[in-house]
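Inspection log for the structure reproduced underneath, given as structure tokens.
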Amino acid sequence: MDFDPRDFDDARDRTEDLRDRDGDPRDVFTLNLDLPRGLEREIVRDRDREYTLRGSESRTLATVGAFRVVSSRDLRDHHDRPADPRSGDLRHLGEQGLVEATRVPGSRDHAVSLTKEGRSLLESHRDPPSREALRRDFAGARRDHGHRQTFYAGVKRERELEHDVQVYRAFEREAERLEERDARIERVVLDYELKREYQQFLQERNRGRADSTGRPDRTPGEVAAWAKDHDLPYRDNRVRFPDARIEFENRDRQEQHRDLEVVTPHYRGAHAAAVASSGFESYSGGLRVQTSGRRGGRGLDPRLAEELTR
């Protein structure tokens, strides 16, 4: 280890300073990003390109990247007004090629997503990990590299935009409840990430084998153990996944998580029955949220397996 942990003190101090402020729940996604935070736009470089950003635009990029898609009306511009793709922050980000807006079918809403350039900008401006994150990583206490937030680019499921834009709304509601309990949110993990890790587990023994058929050879007992280790429900020979998982520390600095599932009017048949039996607490507005220690979620669609392992 040819580094001095003191080199990361500035990044750690800035993160702790931001955590101590009462503010927007979206601030969590910019904690470990070295991007502008003020009211005035500043020049930001990524490879051979230059961009200009201000604090509200940095926050928008990080929030959109964390959830893949967010409705424009759920974002706020630098005047703390609902964002509009035709003006202000979103227009500026779009003109620079950092975000794109897609009309949600049957709605006036626009789903905002990062472009590849937008995601590259976030990735290239991550702060070095804090001393605490380094300590946990090298002690083997974490397999997720110190709560590293994953950022996404592009729209993956256009037919599900109506559902997907509501995941951020569910997060906002739960973030308020967690903050009331003095919890500190670390990151959000989407179902894509959990399903990708599951597929990697299923295919682990097939990697590098010329005679592999591509069919996983995990036993039900091994799958059940994997699900238990990840605090995911396993029933009817299926692992069920939430739409999103909020990882946080409670007031006693204990690591916990809360799983979110958005229920839309289109949930029918077996899917609806699975959600109904998952043990979620029901909220108005079509949202169901799983509290820590209880389990539930959606099963993995086998058609997504190839996409998730790319």
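Could you say whether any residue in the stretch 97-118 is at pLDDT 95 or above, touching a His at 6+ places or on another chain (Cβ under 6 Å) and surrounded by fewer than 23 Cβ atoms within 10 Å (Cβ to Cβ)?
Scanning the stretch 97-118, I find at least one residue that is at pLDDT 95 or above, touching a His at 6+ places or on another chain (Cβ under 6 Å) and surrounded by fewer than 23 Cβ atoms within 10 Å (Cβ to Cβ), so the answer is yes.
With Arg86, Arg91, Arg47 as the choices, which residue is touching a residue at least 40 places away in the same chain (Cβ under 8 Å) and of a type in the set (Lys, Arg)?
Values: Arg86 fails: touching a residue at least 40 places away in the same chain (Cβ under 8 Å); Arg91 fails: touching a residue at least 40 places away in the same chain (Cβ under 8 Å).
Answer to the check: Arg47.
I'm told Leu122 meets every condition in (1) in contact (Cβ under 8 Å) with a residue 40 or more places away in the chain; (2) part of a strand (DSSP E or B) except one. Can you identify the failing condition by its number?
Going through the list (1) in contact (Cβ under 8 Å) with a residue 40 or more places away in the chain; (2) part of a strand (DSSP E or B), Leu122 breaks only (2).
Can you name the strands (runs of 3 or more DSSP E) wholly within the stretch 40-117 that have at least 1 residues being closer than 30 Å to Pro242 by Cα?
Working: elements: 42-46, 49-53, 99-103, 110-114.
Per the criteria, 99-103, 110-114.
Please count how many residues of the stretch 42-53 are touching a helix residue (DSSP H, G or I) at 6+ places or on another chain (Cβ under 8 Å) and either of a type in the set (Lys, Arg) or crowded, with 23+ Cβ neighbours inside 10 Å (or both).
Going through the stretch 42-53 one residue at a time, the tally reaches 3.
Check Glu197, Glu193, Glu176 and return the single one that is out of contact with any Ser or Thr (no Cβ under 7 Å at 6 or more places or on another chain) and either closer than 23 Å to Tyr152 by Cβ or without any contact (Cβ under 8 Å) to a residue 60 or more places away in the chain (or both). Working first, answer last.
On the way: Glu193 fails: out of contact with any Ser or Thr (no Cβ under 7 Å at 6 or more places or on another chain); Glu176 fails: either closer than 23 Å to Tyr152 by Cβ or without any contact (Cβ under 8 Å) to a residue 60 or more places away in the chain (or both).
Testing whether each residue is out of contact with any Ser or Thr (no Cβ under 7 Å at 6 or more places or on another chain) and either closer than 23 Å to Tyr152 by Cβ or without any contact (Cβ under 8 Å) to a residue 60 or more places away in the chain (or both) leaves just Glu197.
Take the residues in the stretch 57-69 that are under 19 Å from Ile185 (Cα atoms) and hydrophobic (A, V, I, L, M, F, W, C), then tell me which one is surrounded by the most Cβ atoms within 10 Å (Cβ to Cβ). Show your work before the answer.
Initially, the stretch 57-69 is screened for residues under 19 Å from Ile185 (Cα atoms), giving 58-68.
From what is left, the residues that are hydrophobic (A, V, I, L, M, F, W, C) are 61-62, 64, 66-67.
Working: Leu61: 28, Ala62: 25, Val64: 31, Ala66: 25, Phe67: 26.
So the residue we want is Val64.
Under the condition of being out of contact with any Asp or Glu (no Cβ under 8 Å at 6 or more places or on another chain) and β-branched (Val, Ile, Thr), which residue from the stretch 170-219 is modelled with the highest pLDDT?
Thr219
The values are calculated or read from the model by the stated rules, or taken from the named source; none is laboratory data. Since this is a predicted model, take the numbers as computed values, not measurements. Positions of Cβ are generated from backbone atoms using ideal geometry, with glycine treated the same way; all protein chains shown enter the neighbour counts.
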